[in-house]
1. Counting only residues that are modelled with pLDDT of 80 or more and loosely packed, with under 15 Cβ neighbours inside 10 Å, how many does region 29-52 have?
2. For region 8-24, give me the residue count where each residue is assigned to a helix (DSSP H, G or I) and surrounded by 14 or more Cβ atoms within 10 Å (Cβ to Cβ).
3. From the residues in region 34-55 that are among the small types (G, A, S) and part of a helix (DSSP H, G or I), which one is farthest from the chain's Cα centre (by Cα)?
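The values are calculated or read from the model by the stated rules, or taken from the named source; none is laboratory data. Everything numeric in this text was worked out from a predicted model, so none of it was measured. Quick reminder, even Gly has a Cβ in these numbers, built from the backbone with ideal geometry, and neighbours come from all protein chains shown.
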Amino acid sequence: MELSIQERLKDLRVERGLTLEQLAEQTAMMFICKRLRLNYGKLSREDKAASKRLAGKSDLLKNPIPQRGRK
């Protein structure tokens, strides 16, 4: 039996010992880094914290990424 996406995500989250809040924060950070064109894996802890503060003061998490070809 194949797992649903939700079940697979939960299994992966639990395997890594993450709470839903931690997963949400990491997901938001990945989104912020994509918007800022930063490599999340290469950021220091201080850089990640600064990026998070910057995103909180801007519209980075409020505005969706514009899709190509759509207006």
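1. 12
2. Total meeting the criteria: 3.
3. My answer is A50.
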